[in-house]
Amino acid sequence: MNPYQELGVGPRASQTEIKAAYKRQASERHPDRDGGSDEAMSRLNVAYAIVGDPKRRARYDRTGSEGLERTVEERAADQAMSGFMDAIAHGHTDPVYHARAFLRLARDNARAQLASAREAPARLATLRERVRRKENAANLYRQVIDGQIEMAARALETLPETIEVLERAIEIVNDHEASVRADRDRLEMLLRR
């Protein structure tokens with residue numbers, strides 16, 4: 001589906017024009033109106049969700065993906081809740097401290113993975129020619145190397161946003177305050193393992 005066509009606007013339409021087109025189309029396609037239907041309204045709502053949000057629109061314009069992925073803020077809230085759930089599951093008396101430490105550890109791991117992904121293509125390229133197939137057939141070793149290079153490229157695309165999400169999740173957790181400040185030594189000891 002092309003959301004611009006669905007809304008009846010061009011890719012250079014302003015956000016104001018997109019909103020006006022959505023309202024106009026919604027009044028025509030609404031299931032309670034003659035000629036309207038649930039399906040037509042649903043398509044219109046999806047199109048507006050894609051290009052009505054500037055971040056999702058930019059992602060769609062850049063990638064062609066419908067951009068219905070959750071926003072950084074939504075994903076960060078989920079990560080913050082995961083940190084709190086982990087604190088609850090482990091019975092920590094200071095869930096804010098634990099959630100913050102949990103998220104910092106995840107962020108630091110993502111940073112390490114990103115650093116590794118940055119150096120992987122050059123390192124793997126030097127390994128690519130080390131093994132040759134005796135017969136004129138597919139070189140499985142090269143296929144493995146090429147697959148690892150592709151994985152590193154995907155990591156380079158996704159990890160910066162993952163780190164951004166985790167950093168925002170830490171900020172969200174920092175907006176909370178625990179009424180009890182204990183159990184920190186135990187948590188630090190667990191994190192050092």
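The number of residues in the stretch 101-110 that are surrounded by fewer than 20 Cβ atoms within 10 Å (Cβ to Cβ) and either without any contact (Cβ under 8 Å) to a residue 60 or more places away in the chain or among the charged types (D, E, K, R) (or both) comes to 4. Scanning the stretch 19-61 for residues that are assigned to a loop (DSSP other than H, G, I, E, B) and either of a type in the set (S, T, Y) or on the phi < 0 side of the Ramachandran plot (or both) gives H30, P31, D32, R33, D34, G36, S37, G52, D53. Within the stretch 145-163, the set of residues being free of Cβ contacts under 8 Å to residues at least 12 places away in the same chain and more than 24 Å from Q79 (Cα to Cα) comprises G147, E150.
Let's see how each residue does on (1) in the same structural domain as I50 (by TED's automatic domain parsing); (2) buried (at least 17 other Cβ atoms within 10 Å of the Cβ); (3) under 30 Å from R43 (Cβ atoms); (4) not charged (D, E, K, R):
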| residue | (1), (2), (3), (4) |
| --- | --- |
| T93 | no, no, no, yes |
| Y97 | no, yes, no, yes |
| S116 | no, no, no, yes |
| K134 | no, no, no, no |
| D146 | no, no, no, no |
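The set of residues in the stretch 81-94 being assigned to a helix (DSSP H, G or I) and within 16 Å of N174 (Cβ to Cβ) consists of M81, S82, G83, F84, A87. Scanning the stretch 151-166 for residues that are surrounded by 17 or more Cβ atoms within 10 Å (Cβ to Cβ) and either of a type outside the set (A, V, I, L, M, F, W, C) or under 10 Å from V96 (Cα atoms) (or both) yields a total of 1. Residues satisfying the criterion are absent from the stretch 64-85 (criterion: in contact with a Gly (Cβ under 7 Å, 6 or more places away or on another chain) and free of Cβ contacts under 8 Å to residues at least 12 places away in the same chain).
Applying the set (1) in contact with a helix residue (DSSP H, G or I) (Cβ under 7 Å, 6 or more places away or on another chain); (2) closer than 30 Å to L159 by Cβ to A26 leaves exactly one unmet item: (2). Considered as a group, the residues in the stretch 35-80 that are of a type in the set (S, T, Y) and more than 30 Å from V173 (Cβ to Cβ) include one that is surrounded by the fewest Cβ atoms within 10 Å (Cβ to Cβ), and that residue is T63. Scanning the stretch 118-132 for residues that are among the small types (G, A, S), closer than 30 Å to L166 by Cα and exposed (fewer than 15 other Cβ atoms within 10 Å of the Cβ) returns a single hit, A122.
The values are calculated or read from the model by the stated rules, or taken from the named source; none is laboratory data. Source: prediction; values computed, not measured. Positions of Cβ are generated from backbone atoms using ideal geometry, with glycine treated the same way; all protein chains shown enter the neighbour counts.
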